[in-house]
1. Let me confirm something: among Val274, Val177, which residue is among the aliphatic types (A, V, I, L, M) and under 20 Å from the mean Cα position of the chain (by Cα)?
2. Among Gly264, Gly278, Gly230, which is at positive phi and in contact with a Pro (Cβ under 6 Å, 6 or more places away or on another chain)?
3. Scan the range 337-360 for residues that are surrounded by fewer than 22 Cβ atoms within 10 Å (Cβ to Cβ) and within 16 Å of the chain's Cα centre (by Cα) and jot them down.
4. Taking Gly134 as meeting all but one of (1) over 18 Å from the mean Cα position of the chain (by Cα); (2) more than 22 Å from His231 (Cα to Cα), write down the number of the exception.
5. Quick one: Gly368 ticks every box in (1) surrounded by fewer than 17 Cβ atoms within 10 Å (Cβ to Cβ); (2) in a loop (DSSP other than H, G, I, E, B) bar one, so which box is it?
6. Please work out which residue is farthest from Leu201 (Cα to Cα), limiting yourself to the range 136-151 and to residues that are buried (at least 17 other Cβ atoms within 10 Å of the Cβ) and touching a Pro at 6+ places or on another chain (Cβ under 9 Å).
7. Here's a check for you: in the range 197-213, which residue that is in contact with a Leu (Cβ under 8 Å, 6 or more places away or on another chain) and not hydrophobic (A, V, I, L, M, F, W, C) is farthest from Val185 (Cα to Cα)?
8. Scan the range 339-354 and tell me whether some residue there is outside any helix (DSSP H, G or I) and either within 18 Å of Ser19 (Cα to Cα) or in contact with a His (Cβ under 9 Å, 6 or more places away or on another chain) (or both).
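The values are calculated or read from the model by the stated rules, or taken from the named source; none is laboratory data. Please read all numbers here as calculations on a predicted model, not as lab measurements. Cβ placement follows ideal geometry from the backbone for every residue including glycine, while neighbour counts extend to all protein chains displayed.
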Amino acid sequence: MKKSVARPDDGVHSFFTSSAQRIAEAVLDAGFIKSLRELFSPRHRERRFNLPTLIWLGIYGAAHASLRSMEAILAAACEAVEGRGNLPLRLHTLTQSGWTRAKERLPLGFLKRFWRHWVELARSAAGTKALFHGMRLVALDKKTINFPEALWTTCRAHRGSRGEGPAQAELMVAYDVAVRVPLEVTLGRVRENERRLAPRLLRALAAPSLLLIDCGFYGLPLFLAARGAGHHFLTKMPKSGSPKALERFTWKDGLFLITEKKHGRTMTVRIITVQRRGWRPVRLVTSLLDPEAFPRNEIIELYHERWHIETFFRELDGELDFQHWHTRKLRTLYVELLFSMIYVTVVRAHMAEAVAARPTLPGHLSFGAGGEACMRAWCRIPKCAPERVEPLRLELLEHLATLRIDIRPGRLFERDTQKRRAASRARKLQALKDKALAA
(Lines give C-alpha, C1' and ligand atoms only; values in the text may rest on other atoms or scores of the structure.)
Protein backbone atom coordinates (compact mmCIF):
# COMPACT_ATOMS: atom_id res chain seq x y z
CA MET A 1 0.00 0.00 0.00
CA LYS A 2 1.36 3.41 -1.05
CA LYS A 3 2.17 5.71 1.82
CA SER A 4 0.42 9.10 1.74
CA VAL A 5 2.63 12.17 1.43
CA ALA A 6 0.07 14.31 3.24
CA ARG A 7 1.04 15.60 6.66
CA PRO A 8 -0.64 14.03 9.73
CA ASP A 9 -3.89 15.65 10.79
CA ASP A 10 -3.63 17.50 14.11
CA GLY A 11 -7.13 18.99 13.92
CA VAL A 12 -5.97 22.55 13.34
CA HIS A 13 -6.79 22.72 9.65
CA SER A 14 -10.21 21.10 10.18
CA PHE A 15 -11.03 23.67 12.86
CA PHE A 16 -9.90 26.52 10.61
CA THR A 17 -11.83 25.03 7.67
CA SER A 18 -15.02 24.88 9.74
CA SER A 19 -14.50 28.52 10.72
CA ALA A 20 -14.01 29.53 7.07
CA GLN A 21 -17.08 27.47 6.16
CA ARG A 22 -19.20 29.38 8.68
CA ILE A 23 -17.97 32.71 7.31
CA ALA A 24 -18.75 31.63 3.73
CA GLU A 25 -22.24 30.41 4.68
CA ALA A 26 -22.96 33.69 6.47
CA VAL A 27 -21.79 35.83 3.57
CA LEU A 28 -22.86 33.68 0.59
CA ASP A 29 -25.92 31.60 -0.14
CA ALA A 30 -25.47 27.83 -0.05
CA GLY A 31 -26.62 27.34 -3.66
CA PHE A 32 -23.94 29.62 -5.06
CA ILE A 33 -21.22 27.89 -2.99
CA LYS A 34 -22.37 24.52 -4.37
CA SER A 35 -22.18 25.82 -7.94
CA LEU A 36 -18.62 27.03 -7.31
CA ARG A 37 -17.50 23.60 -6.10
CA GLU A 38 -17.96 22.25 -9.62
CA LEU A 39 -15.11 24.51 -10.78
CA PHE A 40 -12.69 23.65 -8.01
CA SER A 41 -11.14 20.29 -7.05
CA PRO A 42 -7.82 20.47 -5.13
CA ARG A 43 -5.29 17.66 -5.17
CA HIS A 44 -4.87 15.44 -2.14
CA ARG A 45 -1.91 17.46 -0.83
CA GLU A 46 -3.97 20.68 -0.94
CA ARG A 47 -7.16 19.24 0.58
CA ARG A 48 -6.50 21.32 3.67
CA PHE A 49 -7.00 24.39 1.47
CA ASN A 50 -10.53 23.66 0.34
CA LEU A 51 -12.93 26.14 -1.27
CA PRO A 52 -14.11 28.09 1.83
CA THR A 53 -10.55 28.20 3.21
CA LEU A 54 -9.11 29.60 -0.01
CA ILE A 55 -11.88 32.20 -0.36
CA TRP A 56 -11.35 33.40 3.22
CA LEU A 57 -7.56 33.42 2.94
CA GLY A 58 -7.73 35.25 -0.39
CA ILE A 59 -10.03 37.98 0.95
CA TYR A 60 -8.11 38.27 4.22
CA GLY A 61 -4.83 38.39 2.30
CA ALA A 62 -6.16 41.17 0.05
CA ALA A 63 -7.20 43.21 3.10
CA HIS A 64 -3.78 42.66 4.73
CA ALA A 65 -1.50 42.65 1.68
CA SER A 66 0.94 44.94 3.49
CA LEU A 67 2.06 42.05 5.74
CA ARG A 68 5.59 40.98 4.92
CA SER A 69 4.88 37.43 3.68
CA MET A 70 2.25 34.77 3.07
CA GLU A 71 3.41 33.13 6.31
CA ALA A 72 2.48 36.30 8.22
CA ILE A 73 -0.92 36.46 6.47
CA LEU A 74 -1.61 32.81 7.36
CA ALA A 75 -0.72 33.43 11.01
CA ALA A 76 -2.88 36.57 11.19
CA ALA A 77 -5.84 34.87 9.47
CA CYS A 78 -5.69 31.88 11.86
CA GLU A 79 -5.32 34.12 14.90
CA ALA A 80 -8.29 36.24 13.80
CA VAL A 81 -10.72 33.29 13.82
CA GLU A 82 -9.06 30.85 16.28
CA GLY A 83 -6.95 32.89 18.67
CA ARG A 84 -3.29 32.33 19.50
CA GLY A 85 -3.66 28.85 21.02
CA ASN A 86 -3.43 26.86 17.77
CA LEU A 87 -0.70 28.90 16.07
CA PRO A 88 2.19 26.49 16.95
CA LEU A 89 0.22 23.54 15.53
CA ARG A 90 -0.74 25.50 12.38
CA LEU A 91 2.90 25.59 11.30
CA HIS A 92 2.73 21.84 10.55
CA THR A 93 -0.56 21.75 8.61
CA LEU A 94 -1.57 25.11 7.07
CA THR A 95 1.76 25.94 5.45
CA GLN A 96 2.90 28.64 3.08
CA SER A 97 3.96 26.08 0.47
CA GLY A 98 0.55 24.38 0.58
CA TRP A 99 -1.23 27.69 0.15
CA THR A 100 1.04 28.59 -2.78
CA ARG A 101 0.26 25.31 -4.57
CA ALA A 102 -3.46 25.77 -3.94
CA LYS A 103 -3.38 29.32 -5.37
CA GLU A 104 -1.63 28.06 -8.49
CA ARG A 105 -4.49 25.60 -9.05
CA LEU A 106 -7.26 28.17 -8.55
CA PRO A 107 -9.12 28.58 -11.88
CA LEU A 108 -9.25 32.22 -12.98
CA GLY A 109 -12.74 31.62 -14.35
CA PHE A 110 -13.85 30.58 -10.87
CA LEU A 111 -12.55 33.83 -9.36
CA LYS A 112 -14.14 35.96 -12.09
CA ARG A 113 -17.48 34.23 -11.60
CA PHE A 114 -17.23 34.81 -7.86
CA TRP A 115 -16.36 38.48 -8.47
CA ARG A 116 -19.23 39.06 -10.94
CA HIS A 117 -21.69 37.49 -8.54
CA TRP A 118 -20.82 40.17 -5.98
CA VAL A 119 -20.96 42.90 -8.63
CA GLU A 120 -24.54 41.89 -9.42
CA LEU A 121 -25.42 41.82 -5.72
CA ALA A 122 -24.01 45.34 -5.27
CA ARG A 123 -25.83 46.68 -8.32
CA SER A 124 -29.16 45.09 -7.40
CA ALA A 125 -28.87 46.53 -3.87
CA ALA A 126 -28.11 50.02 -5.24
CA GLY A 127 -31.17 49.85 -7.51
CA THR A 128 -32.21 52.50 -10.03
CA LYS A 129 -30.59 55.36 -8.11
CA ALA A 130 -27.25 54.17 -9.51
CA LEU A 131 -28.47 54.57 -13.13
CA PHE A 132 -28.36 57.55 -15.47
CA HIS A 133 -31.31 57.37 -17.88
CA GLY A 134 -31.17 53.58 -17.63
CA MET A 135 -27.41 53.41 -18.26
CA ARG A 136 -24.59 52.31 -15.96
CA LEU A 137 -21.89 54.91 -15.36
CA VAL A 138 -18.57 53.21 -16.11
CA ALA A 139 -15.17 54.93 -15.95
CA LEU A 140 -12.14 53.56 -17.79
CA ASP A 141 -8.62 54.44 -16.73
CA LYS A 142 -5.19 52.90 -16.34
CA LYS A 143 -2.50 52.99 -13.67
CA THR A 144 1.18 52.07 -13.80
CA ILE A 145 1.90 49.43 -11.14
CA ASN A 146 5.04 47.75 -9.84
CA PHE A 147 5.65 44.09 -10.67
CA PRO A 148 7.84 41.46 -9.01
CA GLU A 149 11.30 41.55 -10.57
CA ALA A 150 10.96 37.89 -11.56
CA LEU A 151 8.23 38.92 -14.03
CA TRP A 152 10.40 41.42 -15.87
CA THR A 153 10.48 39.16 -18.93
CA THR A 154 6.70 39.57 -19.17
CA CYS A 155 6.35 43.34 -18.78
CA ARG A 156 9.86 44.26 -20.07
CA ALA A 157 9.97 47.71 -18.46
CA HIS A 158 11.43 49.35 -15.37
CA ARG A 159 10.66 52.63 -13.69
CA GLY A 160 14.12 54.06 -14.38
CA SER A 161 16.39 53.84 -17.39
CA ARG A 162 19.02 51.13 -17.95
CA GLY A 163 16.99 48.55 -16.03
CA GLU A 164 17.01 50.50 -12.77
CA GLY A 165 14.01 50.57 -10.46
CA PRO A 166 11.20 48.01 -10.10
CA ALA A 167 9.58 46.21 -13.03
CA GLN A 168 6.32 47.83 -14.07
CA ALA A 169 3.14 47.16 -16.05
CA GLU A 170 -0.10 48.95 -16.92
CA LEU A 171 -3.32 48.07 -15.06
CA MET A 172 -6.54 49.14 -16.80
CA VAL A 173 -9.82 48.99 -14.89
CA ALA A 174 -13.48 49.42 -15.79
CA TYR A 175 -15.16 50.92 -12.71
CA ASP A 176 -18.81 51.56 -11.83
CA VAL A 177 -18.63 55.10 -10.41
CA ALA A 178 -22.14 55.02 -8.88
CA VAL A 179 -21.88 51.72 -6.99
CA ARG A 180 -18.06 52.08 -6.67
CA VAL A 181 -17.16 48.54 -7.70
CA PRO A 182 -14.53 47.40 -10.25
CA LEU A 183 -16.08 45.54 -13.17
CA GLU A 184 -13.15 44.26 -15.24
CA VAL A 185 -9.35 44.46 -15.29
CA THR A 186 -6.61 43.85 -17.81
CA LEU A 187 -2.82 44.15 -17.78
CA GLY A 188 -0.51 45.56 -20.46
CA ARG A 189 3.06 46.67 -20.94
CA VAL A 190 4.23 50.04 -19.67
CA ARG A 191 3.26 52.99 -21.87
CA GLU A 192 0.92 50.80 -23.90
CA ASN A 193 -1.73 53.03 -25.46
CA GLU A 194 -5.06 53.29 -23.66
CA ARG A 195 -6.88 52.91 -26.98
CA ARG A 196 -5.34 49.44 -27.38
CA LEU A 197 -6.21 48.22 -23.89
CA ALA A 198 -9.76 49.62 -23.71
CA PRO A 199 -11.38 47.30 -26.34
CA ARG A 200 -10.46 44.31 -24.16
CA LEU A 201 -12.83 45.66 -21.50
CA LEU A 202 -15.69 46.79 -23.76
CA ARG A 203 -16.73 43.23 -24.56
CA ALA A 204 -17.18 42.40 -20.88
CA LEU A 205 -19.41 45.41 -20.04
CA ALA A 206 -23.18 45.06 -19.97
CA ALA A 207 -24.94 47.32 -22.48
CA PRO A 208 -26.04 50.03 -22.32
CA SER A 209 -23.32 51.78 -20.33
CA LEU A 210 -22.09 55.36 -20.42
CA LEU A 211 -18.28 55.34 -20.60
CA LEU A 212 -16.57 58.22 -18.77
CA ILE A 213 -13.05 58.39 -20.18
CA ASP A 214 -10.12 60.78 -20.05
CA CYS A 215 -8.72 62.62 -23.08
CA GLY A 216 -5.95 60.00 -23.36
CA PHE A 217 -8.60 57.61 -24.75
CA TYR A 218 -9.74 60.09 -27.40
CA GLY A 219 -9.90 58.39 -30.79
CA LEU A 220 -12.55 57.60 -33.37
CA PRO A 221 -11.81 53.81 -33.50
CA LEU A 222 -12.56 53.54 -29.78
CA PHE A 223 -15.71 55.63 -30.16
CA LEU A 224 -16.95 53.41 -32.98
CA ALA A 225 -16.12 50.26 -30.99
CA ALA A 226 -18.07 51.61 -28.00
CA ARG A 227 -21.12 52.44 -30.11
CA GLY A 228 -20.88 49.06 -31.83
CA ALA A 229 -21.00 47.35 -28.43
CA GLY A 230 -24.12 49.34 -27.48
CA HIS A 231 -22.42 51.88 -25.20
CA HIS A 232 -22.33 55.67 -25.14
CA PHE A 233 -19.27 57.71 -24.21
CA LEU A 234 -18.32 61.03 -22.64
CA THR A 235 -14.77 62.32 -22.84
CA LYS A 236 -12.66 65.44 -23.18
CA MET A 237 -11.33 66.64 -26.53
CA PRO A 238 -7.60 67.41 -26.84
CA LYS A 239 -6.58 70.99 -27.58
CA SER A 240 -5.53 70.02 -31.10
CA GLY A 241 -9.00 68.75 -32.06
CA SER A 242 -10.62 70.56 -35.00
CA PRO A 243 -14.16 69.19 -35.59
CA LYS A 244 -16.52 70.48 -38.28
CA ALA A 245 -19.68 72.22 -37.00
CA LEU A 246 -22.98 70.75 -38.25
CA GLU A 247 -25.66 72.28 -35.99
CA ARG A 248 -25.53 74.55 -32.95
CA PHE A 249 -28.05 74.40 -30.11
CA THR A 250 -26.33 77.27 -28.29
CA TRP A 251 -22.94 78.90 -28.80
CA LYS A 252 -21.47 76.40 -26.27
CA ASP A 253 -23.38 73.32 -27.41
CA GLY A 254 -23.90 71.66 -30.78
CA LEU A 255 -23.39 68.77 -33.19
CA PHE A 256 -20.03 68.33 -34.89
CA LEU A 257 -18.38 65.93 -37.33
CA ILE A 258 -15.09 64.31 -36.35
CA THR A 259 -12.92 62.51 -38.91
CA GLU A 260 -10.20 59.88 -38.70
CA LYS A 261 -7.54 60.92 -41.19
CA LYS A 262 -5.98 57.46 -41.59
CA HIS A 263 -9.08 55.59 -42.84
CA GLY A 264 -11.42 58.48 -43.58
CA ARG A 265 -14.12 57.32 -41.17
CA THR A 266 -16.45 59.95 -39.67
CA MET A 267 -18.82 60.22 -36.74
CA THR A 268 -21.36 62.80 -35.57
CA VAL A 269 -20.85 63.79 -31.94
CA ARG A 270 -22.07 66.46 -29.58
CA ILE A 271 -19.50 68.91 -28.22
CA ILE A 272 -20.12 71.03 -25.12
CA THR A 273 -17.76 73.84 -24.15
CA VAL A 274 -17.44 74.50 -20.42
CA GLN A 275 -15.22 76.84 -18.42
CA ARG A 276 -15.00 77.04 -14.64
CA ARG A 277 -13.72 80.09 -12.85
CA GLY A 278 -9.93 80.16 -12.88
CA TRP A 279 -9.59 77.34 -15.44
CA ARG A 280 -9.18 77.12 -19.20
CA PRO A 281 -12.14 76.20 -21.43
CA VAL A 282 -12.72 72.47 -21.96
CA ARG A 283 -14.61 70.73 -24.77
CA LEU A 284 -16.62 67.65 -23.76
CA VAL A 285 -17.37 65.12 -26.51
CA THR A 286 -20.30 62.72 -26.17
CA SER A 287 -22.51 60.42 -28.21
CA LEU A 288 -25.60 61.63 -26.30
CA LEU A 289 -26.89 63.84 -29.12
CA ASP A 290 -30.36 64.83 -27.86
CA PRO A 291 -30.16 68.18 -25.96
CA GLU A 292 -33.66 67.77 -24.51
CA ALA A 293 -33.18 64.25 -23.12
CA PHE A 294 -29.64 65.03 -21.93
CA PRO A 295 -29.38 68.70 -20.88
CA ARG A 296 -26.03 70.45 -21.05
CA ASN A 297 -25.73 71.01 -17.28
CA GLU A 298 -26.34 67.32 -16.54
CA ILE A 299 -23.54 66.25 -18.86
CA ILE A 300 -21.12 68.80 -17.40
CA GLU A 301 -21.73 67.53 -13.86
CA LEU A 302 -21.66 63.93 -15.05
CA TYR A 303 -18.12 64.14 -16.40
CA HIS A 304 -16.80 64.99 -12.93
CA GLU A 305 -18.02 61.57 -11.75
CA ARG A 306 -15.06 60.11 -13.67
CA TRP A 307 -12.79 61.28 -10.85
CA HIS A 308 -14.06 58.46 -8.61
CA ILE A 309 -11.88 55.95 -10.44
CA GLU A 310 -8.88 58.00 -9.32
CA THR A 311 -10.03 57.68 -5.69
CA PHE A 312 -10.43 53.93 -6.32
CA PHE A 313 -6.77 53.70 -7.32
CA ARG A 314 -5.89 55.67 -4.18
CA GLU A 315 -7.86 53.17 -2.07
CA LEU A 316 -6.00 50.27 -3.68
CA ASP A 317 -2.66 51.89 -2.87
CA GLY A 318 -3.51 53.33 0.55
CA GLU A 319 -6.04 51.01 2.18
CA LEU A 320 -4.94 47.72 0.58
CA ASP A 321 -1.32 48.25 -0.49
CA PHE A 322 -2.19 45.86 -3.31
CA GLN A 323 1.19 46.26 -5.05
CA HIS A 324 2.86 44.32 -2.21
CA TRP A 325 2.82 41.05 -4.14
CA HIS A 326 3.47 37.66 -2.50
CA THR A 327 4.31 35.73 -5.66
CA ARG A 328 6.86 35.44 -8.45
CA LYS A 329 4.57 33.90 -11.07
CA LEU A 330 2.22 35.70 -13.44
CA ARG A 331 -0.74 33.38 -12.83
CA THR A 332 -0.70 33.70 -9.05
CA LEU A 333 -0.22 37.46 -9.48
CA TYR A 334 -3.51 37.46 -11.39
CA VAL A 335 -5.05 35.48 -8.50
CA GLU A 336 -3.90 38.07 -5.95
CA LEU A 337 -5.10 40.92 -8.18
CA LEU A 338 -8.53 39.31 -8.58
CA PHE A 339 -8.83 38.76 -4.83
CA SER A 340 -8.11 42.48 -4.30
CA MET A 341 -10.98 43.31 -6.67
CA ILE A 342 -13.21 40.75 -4.94
CA TYR A 343 -12.49 42.24 -1.51
CA VAL A 344 -13.37 45.76 -2.69
CA THR A 345 -16.55 44.48 -4.35
CA VAL A 346 -17.70 42.47 -1.31
CA VAL A 347 -17.25 45.48 1.01
CA ARG A 348 -19.04 47.80 -1.43
CA ALA A 349 -21.87 45.27 -1.82
CA HIS A 350 -22.40 45.32 1.95
CA MET A 351 -22.41 49.13 1.82
CA ALA A 352 -24.97 49.08 -0.99
CA GLU A 353 -27.20 46.78 1.05
CA ALA A 354 -26.79 49.03 4.10
CA VAL A 355 -28.13 52.10 2.26
CA ALA A 356 -30.58 50.29 -0.03
CA ALA A 357 -33.61 51.90 1.63
CA ARG A 358 -32.00 55.35 1.78
CA PRO A 359 -31.23 57.98 -0.85
CA THR A 360 -27.51 57.56 -0.07
CA LEU A 361 -25.26 55.91 -2.65
CA PRO A 362 -22.58 53.36 -1.63
CA GLY A 363 -19.94 55.85 -2.77
CA HIS A 364 -21.02 58.25 -0.02
CA LEU A 365 -19.65 55.83 2.61
CA SER A 366 -16.03 55.50 3.73
CA PHE A 367 -14.35 52.45 2.19
CA GLY A 368 -11.49 52.38 4.72
CA ALA A 369 -13.76 52.38 7.77
CA GLY A 370 -16.24 50.04 6.06
CA GLY A 371 -13.56 47.50 5.20
CA GLU A 372 -12.32 47.39 8.80
CA ALA A 373 -15.88 46.99 10.10
CA CYS A 374 -16.61 44.14 7.68
CA MET A 375 -13.40 42.31 8.59
CA ARG A 376 -14.11 42.59 12.33
CA ALA A 377 -17.65 41.27 11.84
CA TRP A 378 -16.54 38.35 9.65
CA CYS A 379 -13.89 37.31 12.17
CA ARG A 380 -16.55 37.24 14.91
CA ILE A 381 -18.81 34.82 13.02
CA PRO A 382 -16.94 31.56 13.91
CA LYS A 383 -16.84 32.55 17.59
CA CYS A 384 -20.54 33.30 18.06
CA ALA A 385 -23.56 31.01 18.35
CA PRO A 386 -25.45 30.18 15.14
CA GLU A 387 -28.48 32.20 16.24
CA ARG A 388 -26.26 35.27 16.64
CA VAL A 389 -25.00 35.31 13.03
CA GLU A 390 -28.00 37.13 11.52
CA PRO A 391 -28.17 39.79 14.28
CA LEU A 392 -24.43 40.31 13.80
CA ARG A 393 -24.95 40.87 10.08
CA LEU A 394 -27.74 43.38 10.75
CA GLU A 395 -25.52 45.22 13.24
CA LEU A 396 -22.83 45.43 10.59
CA LEU A 397 -25.23 46.88 8.01
CA GLU A 398 -26.55 49.40 10.51
CA HIS A 399 -23.01 50.48 11.36
CA LEU A 400 -21.97 50.75 7.69
CA ALA A 401 -24.85 53.13 6.99
CA THR A 402 -23.39 55.61 9.51
CA LEU A 403 -19.94 55.83 7.85
CA ARG A 404 -20.72 58.81 5.63
CA ILE A 405 -17.89 60.85 4.18
CA ASP A 406 -17.80 64.64 3.94
CA ILE A 407 -19.32 65.52 0.56
CA ARG A 408 -19.32 69.15 -0.61
CA PRO A 409 -20.81 69.38 -4.11
CA GLY A 410 -19.82 72.30 -6.29
CA ARG A 411 -16.48 72.99 -4.58
CA LEU A 412 -13.98 75.04 -6.55
CA PHE A 413 -10.25 75.23 -5.86
CA GLU A 414 -8.05 78.20 -6.60
CA ARG A 415 -5.70 77.28 -9.42
CA ASP A 416 -2.93 79.62 -8.31
CA THR A 417 -0.87 77.60 -5.80
CA GLN A 418 0.39 80.65 -3.91
CA LYS A 419 -3.11 82.06 -3.46
CA ARG A 420 -4.41 78.65 -2.36
CA ARG A 421 -1.64 78.28 0.25
CA ALA A 422 -2.19 81.86 1.48
CA ALA A 423 -5.89 81.15 1.98
CA SER A 424 -5.05 77.91 3.83
CA ARG A 425 -2.63 79.75 6.15
CA ALA A 426 -5.23 82.43 6.81
CA ARG A 427 -7.80 79.79 7.82
CA LYS A 428 -5.31 78.14 10.20
CA LEU A 429 -4.38 81.48 11.81
CA GLN A 430 -8.04 82.36 12.21
CA ALA A 431 -8.70 78.99 13.87
CA LEU A 432 -5.82 79.65 16.35
CA LYS A 433 -7.22 83.13 17.15
CA ASP A 434 -10.71 81.69 17.73
CA LYS A 435 -9.24 79.00 20.01
CA ALA A 436 -7.32 81.63 22.02
CA LEU A 437 -10.42 83.80 22.40
CA ALA A 438 -12.49 80.78 23.47
CA ALA A 439 -9.93 79.95 26.19
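1. Matching residue, one of Val274, Val177: Val177.
2. Gly230
3. Leu337, Leu338 - these are the residues of the range 337-360 that are surrounded by fewer than 22 Cβ atoms within 10 Å (Cβ to Cβ) and within 16 Å of the chain's Cα centre (by Cα).
4. Here Gly134 meets the rest and fails (2).
5. (2)
6. Within the range 136-151, the match that is farthest from Leu201 (Cα to Cα) is Pro148.
7. Top of the filtered list is Ser209.
8. No - not one qualifying residue is present in the range 339-354.
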